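Single-structure report; data block below.
None of the figures in this text is laboratory data; all of them are computed from the coordinates on show. Keep in mind the model is a prediction, meaning the values are calculated, not measured. Using ideal geometry, Cβ is built from the backbone for each residue, glycine included, and neighbour counts are taken over all protein chains shown.
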Amino acid sequence: MSLRLKTIIGIASIEAVLLLLLVSMTLDYLKDTNYEGIQKRASTTATLFATTTKDAVLSYDLASLESFVQEVLKNPDLVYARVLGPGDQLFAVAGDEERNLKPFVADLNVQDVDDGIYDTFAEIQEGGAVYGRVELGLDINSLTETITEAQQRSATIAVIEMGLVALFSLILGTYLTRQLQVLTSAAKGISDGHLDIHIEVKGNDEISEVSTAFNSMASNLKEAGERRDLYELELKELNQSLEDRVNQRTVELREKNLQLEQANTEIKQAQARLLQSEKMASVGVLAAGVAHEINNPLGFVMSNLSTLEEYVKNYQSLVAEYESLLQLKDSNERKEQFRKIKSLRDDYDIEFMNEDLDGLLHDTQEGSVRVRDIVKGLKAFSHVDQSDEMQLADINECIEATLKVANNEIKYHCEIVKRLGDIPQTYCMAGPLKQVILNMLLNAAHAIKDKGVIEIETLCADGNIELSIRDNGCGIDQEDIGNLFDPFFTTKEVGEGTGLGLSISYGIIVDNHKGDIRVESELGKGSCFTIVLPVSTEVKK
Ligand SMILES: Nc1ncnc2c1ncn2[C@@H]1O[C@H](COP(=O)(O)OP(=O)(O)OP(=O)(O)O)[C@@H](O)[C@H]1O
Ligand SMILES: [Mg+2]
């Protein structure tokens, strides 16, 4: 339902209710006052007529009564008039004859009248006694007509007024809705994105206020839209520059990454070189002892060889004399040759030579084997071989092999006590592990200045192999304990130690084997280094 129709119906119904109220109240008032007037007039007329006719009734003067009745009927509103004597005896009558034949029924109210005649009466009294009465019929048709006419006019006026009201509200509604339509189409335009809309403001009423507010809203929206477009543009530019920067940074990062990767490879190579140089350093430390150790057997091998050379010469000269003996046929010459051979045998002390020969050969052989073993051990440490890979190995065997190499450096001033327990084989890098053990043994030996004891112990506890190397050497200052595993930390003279031994050991045990190294030490009393290796029965990559 349109607003216009609603306005018309609303105003018309208010108007109708008000009119209905007004008309009904006015008509009621009109009726009441008129009916009251009629009632009063009828009763006054009846009372007056009773008073006028009283004497004639009392004196039975019927002629006078007849003339009174005729006289009173001159009153145009009266339809009939009757005078009754005692015992309702009719004395005089005039007016509507038809009416006079009907029995008299008094009307109490004008409203009760149903035949257009208001029937009323008045008693004729004298000294308190009733002698008769007068009856009158008052015509109220003209009044009823007047009231009906008034009702019809009121209804006509009401209809005309309602029509006019409807017309005016139609005009008003049309005016208002036209303004609203302008606003509606403008709002639609805005929702479609046309922000340039401007409504023409007419007059100075509420609608024009709404139009002004609408115009300012549209212009605000336009401004906001323009600002938003500007921000969007700025944001886009910012995004683009951010993207560019991110791309640039990505390229830079990639370059840095490459450099890092390169640096990493270089570090790894340097580490490998360092590991090798540490190995070589250990070998270097061993060199002096090794030289000494090789010198001994080499000395007696050489002296044995020179004795053997002398023996061989003696045997050769004896063999030559025997050869000559075999050539001789003459018995005297043969006897002479025998004597010569015998004196030669005595000279050479051939029995001693024969006895000594075995010992010499055996000693020479043993000396050569010792030299070969030492050289083999050194080679094992100085060469990069497959022992860098994880392999199933016996740690006790690793200790024995390392001791063989380190012995020369240690055995002259240190007593070695071994307590090698029953431990399982484990996957490990046997080569690097031997290097760790060698470094710890050499460190212990170096810590012992004059004479001391190095105890080597292995045991298996809580799934770990524990290998401890304890010495009763100089011990370590508490301040230094935290630095022991730092690369290049050494208390040794230049040329005696690189300070890499423990730092490399740490890498091998902790990083490669996921184990641990524990240190206990007391200055002046000695130190104990314990390697903890988790037992692993399968290769871990
Ligand atoms: N058993 C020990 N007793 C006393 N001090 C020790 C012991 N083991 C190590 N240290 C101290 O720790 C230092 C570092 O040892 P590390 O093995 O790392 O290097 P280094 O022995 O000095 O040199 P190298 O590289 O030849 O092994 C040693 O210089 C020494 O002061
Ligand atoms: Mg060392």
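So here's what we get for this one:
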read-out: Pairs from LYS6/LYS202; LYS411/LYS514; LYS31/LYS74; LYS268/LYS404; LYS492/LYS514; LYS411/LYS525 whose Cα-Cα separation, in the structure shown, is over 22 Å; value: LYS6/LYS202; LYS411/LYS514; LYS31/LYS74; LYS268/LYS404; LYS492/LYS514
read-out: Charge dipole (the stretch 3-165, unit charges on Cβ, about Cα centre) - positive-most of VAL79, ASN34, THR156; value: THR156
read-out: Relative frequency of Cα-Cα separations exceeding 23 Å in the stretch 56-190, percent; value: 58 percent
read-out: Karplus-derived HN-Hα couplings along the stretch 253-261 (A = 6.51, B = -1.76, C = 1.60, θ = phi - 60°), whole Hz, x at Gly and Pro; value: 4, 4, 4, 4, 4, 4, 4, 4, 4
read-out: Extension reserve of the LEU164-LEU325 stretch, reckoned as 0.36 nm per residue once the Cα distance is removed; value: 39.8 nm
read-out: Cα-based shape type of the stretch 489-532, given that a ≥ b ≥ c are square roots of the gyration tensor eigenvalues and the cut on a/c is 1.5; value: oblate
read-out: Positive-pole candidate from ASN512, SER306, VAL405, dipole of the chain, charges at beta carbon; value: SER306
read-out: Per-residue ³J(HN,Hα) for the stretch 232-246, Karplus 6.51 cos²θ - 1.76 cosθ + 1.60, θ = phi - 60°, Hz, x for Gly and Pro; value: 4, 4, 4, 4, 4, 4, 4, 4, 4, 5, 5, 4, 4, 5, 4
read-out: ASP77 long-range amide H proximity, modeled H, under 5 Å; value: none
read-out: Local electrostatic count, PHE338, Cβ distance below 11 Å [Lys/Arg +1, Asp/Glu -1]; value: +3
read-out: Alpha carbon Rg of the chain, scaled by the compact-globule rule 2.2 N^0.38 Å; value: 3.18
read-out: Estimated 222 nm signal from helices in the chain, with DSSP H stretches of n ≥ 4 weighted -39500 (n - 2.57), rounded to 500; value: -23000 deg cm²/dmol
read-out: Extension gain from ARG245 to ALA270, taking 0.36 nm per residue of separation minus the Cα-Cα distance; value: 5.4 nm
read-out: Packing rank of 252-264, 402-414, where each peptide gets the mean count of other beta carbons within 10 Å, highest leading; value: 402-414, 252-264
read-out: DSSP-assigned coil residues among chymotrypsin sites (Phe, Trp or Tyr not before Pro) in the stretch 428-528, each with at most 11 further Cβ atoms within 10 Å; value: PHE488
read-out: Semi-axis lengths (Å, descending) of the ellipsoid that matches the C-alpha gyration tensor of the stretch 312-435; value: 58, 16, 12
read-out: Projected label distance in nm at ASP88 and LEU30, using a 7 Å step from Cα toward the beta-carbon; value: 3.9 nm
read-out: 5 angstrom amide H check on TYR131, placed H, neighbours 5+ away; value: ILE124, GLN125, GLU126
read-out: Cleavage-rule hits, trypsin sites (Lys or Arg not before Pro), the stretch 477-538, DSSP coil, Cβ neighbours within 10 Å at most 15; value: LYS492, LYS514, LYS525
read-out: Ordering of 52-65, 322-335 by packing [mean C-beta count within 10 Å, highest first]; value: 52-65, 322-335
read-out: Neighbour-count ranking [beta-carbon atoms within 10 angstrom, fewest first] of ILE294, ILE476; value: ILE294, ILE476
read-out: Per-residue Cβ neighbour rank within 10 angstrom, fewest leading, ILE395, ILE117; value: ILE117, ILE395
read-out: Per residue Cα convex hull volume in Å³ - calculated over the stretch 209-373; value: 192 Å³
read-out: Most positive-pole-ward Cα, SER219, THR265, LEU357, against dipole of the stretch 209-373 from beta carbon charges; value: SER219
read-out: Amide H contacts under 5 Å for GLY116, placed H, 5+ residues apart; value: none
read-out: Where labels lie 7 Å past Cα in the beta-carbon direction, separation of ARG372 and LYS202 in nm; value: 12.9 nm
read-out: Karplus-derived HN-Hα couplings along the stretch 26-35 (A = 6.51, B = -1.76, C = 1.60, θ = phi - 60°), whole Hz, x at Gly and Pro; value: 4, 5, 4, 4, 4, 4, 4, 5, 5, 4
read-out: Charged-residue dipole, Cβ positions (Lys, Arg, Asp, Glu), the chain about Cα centre, Debye nearest 20; value: 1960 debye
read-out: Packing-based ranking, highest mean first, of 426-432, 14-20 given that Cβ atoms within 10 Å are counted; value: 426-432, 14-20
read-out: Neighbour-count order for MET440, MET302, fewest beta carbons within 10 angstrom listed first; value: MET302, MET440
read-out: Using distinct alpha-carbon pairs, which all enter the 1/r mean, Kirkwood radius of the stretch 1-67 in Å; value: 16.7 Å
